[in-house]
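The values are calculated or read from the model by the stated rules, or taken from the named source; none is laboratory data. These figures come from a predicted structure and were not determined experimentally. As a convention, Cβ positions derive from the backbone with ideal geometry for all residues, glycine included, and neighbour counts pool all protein chains shown. Note: areas computed on protein heavy atoms with side chains; ligands, DNA, RNA excluded. Shrake-Rupley method; radii C 1.70, N 1.55, O 1.52, S 1.80 Å.
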Amino acid sequence: MKKVTRQTMLAGVLAPFVATAQGGAMAQVANVDIDKEHAAQVALMSATPNGPADKPWEQWFDAELADTSAHAKPGPYRVCFSNASVSNAWRVTGWTTMKAEVDLHPNEIASFDYADAQGNDDKQISDIRSFLNSGSCDVLIVSPNTSAALTPVVEEACKQLPVITFDRSVNTSCPVTAVRSIGGYAWGKAAADYVVANVPKGGNVLVLRTAPGLDIFETRWAAAEKVFAEADVKVIGNEFVGGDRAKAKATVVDYLSRTGHIDAVWVDLGVVSVAVAEAFQDMGLPYPVITGEDEQDYLQAWKDDGFKGIAPTYPAFQWRTAVQAALKVLKGEPVPAPEWILPQPVITEAERDAFIDPQLPPLHFATCGCESMPGYPQRWGAND
């Protein structure tokens with residue numbers, strides 16, 4: 001039997017999505033056509049991307065390939081990166097992966113200069129202007145802290161050199177391309193569809209959210225809310241827990257005390273999923289459906305405890321794509337534009353075990369695309 005690895009699974013676990021009929025208008029998120037964007041993301045989840053099947057970080061969905069010959073120049077290149085922060089586990093996984101990607105190009109990258117904005121818009125604006133004033137960058141990669149605040153300085157940068165954004169975007173089309181995965185609507189729908197399919201009619205669903213007003217979480221919930229509204233389930237609570245495990249656990253206990261029964265817990269951030277499972281375990285109650293993400297601790301608990309689960313992902317392999325996009329632009333090679341939209345795997349029980357590596361830290365994100373990179377797994381914090 002052919003061995004299944006996490007790297008090969010990344011290309012093959014895009015869960016099937018079936019577009020549902022459009023219902024009422026969804027909650028407003030930024031200045032976009034919500035229903036149109038929702039439908040587009042759902043369609044992409046069942047589409048076949050272009051690019052190498054075993055390298056999802058190099059894949060893209062239908063887009064124009066931009067002519068970048070105007071940016072072509074002799075190498076090796078000076079790459080600069082302005083990062084919003086490394087304030088959470090996903091960003092730590094991604095940053096480690098990006099540095100490993102840089103190490104794969106010793107003959108193409110002469111220097112790699114980095115600035116961490118520490119989650120502060122003003123600092124990131126200053127960081128970018130420092131890069132521009134230094135004259136030491138051939139290309140600028142930006143992971144914006146917030147879209148609106150960073151837009152003017154990114155527009156300044158575009159006048160001097162090619163810019164690549166990833167993760168979050170800005171409110172201008174001047175970057176050569178904006179790298180991202182499919183999006184939050186697809187993420188939220190994946191988890192909500194699984195809940196509806198695995199709870200009894202009229203089942204009780206507790207919703208645990210992170211924070212109001214952040215697009216990544218608002219879009220996840222907007223899609224899930226639509227699914228739940230169209231299904232025969234009862235949302236018994238919709239609580240913000242701020243990604244705090246203790247608060248998530250206490251919230252579950254509170255609702256169990258008040259309602260007596262929970263059939264599923266849908267979360268918009270997988271970091272709290274293990275705490276949800278612990279609440280049921282501590283009370284000696286059967287596990288409900290518990291949704292999560294691709295952190296190692298959730299995948300391991302899902303396997304060990306045997307509850308029903310699913311892990312939509314926001315793949316950290318996009319940190320590799322940003323570097324590759326920058327190099328392509330400087331070599332004058334075409335890139336998908338105005339957006340480079342990457343696949344967004346959904347890990348089901350059938351694929352789950354291929355993503356588990358007990359050596360790695362509990363909050364390591366499995367869809368890093370890093371298994372064949374230099375220093376894996378120790379570079380990503382694996383136990384000796």
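Can you tell me which residue is farthest from the chain's Cα centre (by Cα) among those in segment 122-143 that are over 22 Å from TYR77 (Cα atoms) and open to solvent by less than 40 Å² (accessible area, probe 1.4 Å)?
If we take residues in segment 122-143 being over 22 Å from TYR77 (Cα atoms) and open to solvent by less than 40 Å² (accessible area, probe 1.4 Å), then ILE125 is farthest from the chain's Cα centre (by Cα).
Return the only residue of PRO312, PRO374 being in contact (Cβ under 8 Å) with a residue 24 or more places away in the chain, out of contact with any Ser or Thr (no Cβ under 6 Å at 6 or more places or on another chain) and open to solvent by 40 Å² or more (accessible area, probe 1.4 Å).
PRO374
Regarding segment 199-215, can at least one residue be identified that is surrounded by fewer than 17 Cβ atoms within 10 Å (Cβ to Cβ), of a type in the set (A, V, I, L, M, F, W, C), more than 24 Å from the chain's Cα centre (by Cα) and over 23 Å from ILE182 (Cα atoms)?
Checked segment 199-215: no residue is surrounded by fewer than 17 Cβ atoms within 10 Å (Cβ to Cβ), of a type in the set (A, V, I, L, M, F, W, C), more than 24 Å from the chain's Cα centre (by Cα) and over 23 Å from ILE182 (Cα atoms).
Being among the hydrophobic types (A, V, I, L, M, F, W, C) and loosely packed, with under 15 Cβ neighbours inside 10 Å is the filter; apply it to segment 62-71 and report the residue that is modelled with the highest pLDDT.
Going through the qualifying residues, I end up with ALA70.
Kindly indicate the residue of segment 266-284 that is part of a loop (DSSP other than H, G, I, E, B) and under 26 Å from the mean Cα position of the chain (by Cα) and also surrounded by the most Cβ atoms within 10 Å (Cβ to Cβ) among those meeting that condition.
ASP268
May I ask you to list pairs of residues, at least six apart or on different chains, whose Cβ atoms are under 6 Å apart, with the first in segment 100-123 being under 18 Å from ALA89 (Cα atoms) and the second being outside any strand (DSSP E or B) and hydroxyl-bearing (Ser, Thr, Tyr)?
Partner pairs satisfying both residue conditions: GLN118/SER85; GLY119/SER85; GLY119/SER87.
Right, PRO362: modelled with pLDDT under 95, touching a helix residue (DSSP H, G or I) at 6+ places or on another chain (Cβ under 6 Å) and open to solvent by 40 Å² or more (accessible area, probe 1.4 Å) or not?
no
Can you say whether ALA115 is open to solvent by 40 Å² or more (accessible area, probe 1.4 Å) and either modelled with pLDDT of 95 or more or in a loop (DSSP other than H, G, I, E, B) (or both), as far as the supplied structure shows?
No; evaluated as a whole, the condition is false for this residue.
So, GLN59, is that one among the polar types (S, T, N, Q), open to solvent by less than 50 Å² (accessible area, probe 1.4 Å), closer than 22 Å to SER372 by Cα and at pLDDT below 95 or not?
For GLN59, the condition - among the polar types (S, T, N, Q), open to solvent by less than 50 Å² (accessible area, probe 1.4 Å), closer than 22 Å to SER372 by Cα and at pLDDT below 95 - is not met.
If ASP54 passes every condition in (1) among the charged types (D, E, K, R); (2) open to solvent by 40 Å² or more (accessible area, probe 1.4 Å); (3) in contact (Cβ under 8 Å) with a residue 60 or more places away in the chain but one, which one does it miss?
(3)
Can we say VAL346 is modelled with pLDDT of 95 or more, in contact with a Pro (Cβ under 7 Å, 6 or more places away or on another chain) and either over 20 Å from ASN88 (Cα atoms) or surrounded by fewer than 17 Cβ atoms within 10 Å (Cβ to Cβ) (or both)?
yes
Condition first: in a helix (DSSP H, G or I), out of contact with any helix residue (DSSP H, G or I) (no Cβ under 6 Å at 6 or more places or on another chain) and either closer than 12 Å to VAL267 by Cβ or open to solvent by 30 Å² or more (accessible area, probe 1.4 Å) (or both). Now tell me which residues in segment 224-244 satisfy that.
Within segment 224-244, GLU225, ALA229, GLU230 qualify.
Of (1) assigned to a helix (DSSP H, G or I); (2) surrounded by fewer than 17 Cβ atoms within 10 Å (Cβ to Cβ), PRO106 satisfies all except one. Which?
So PRO106 meets the others, but not (1).
For segment 245-265, check the following and say yes or no: at least one residue is surrounded by 15 or more Cβ atoms within 10 Å (Cβ to Cβ) and under 19 Å from the mean Cα position of the chain (by Cα).
no
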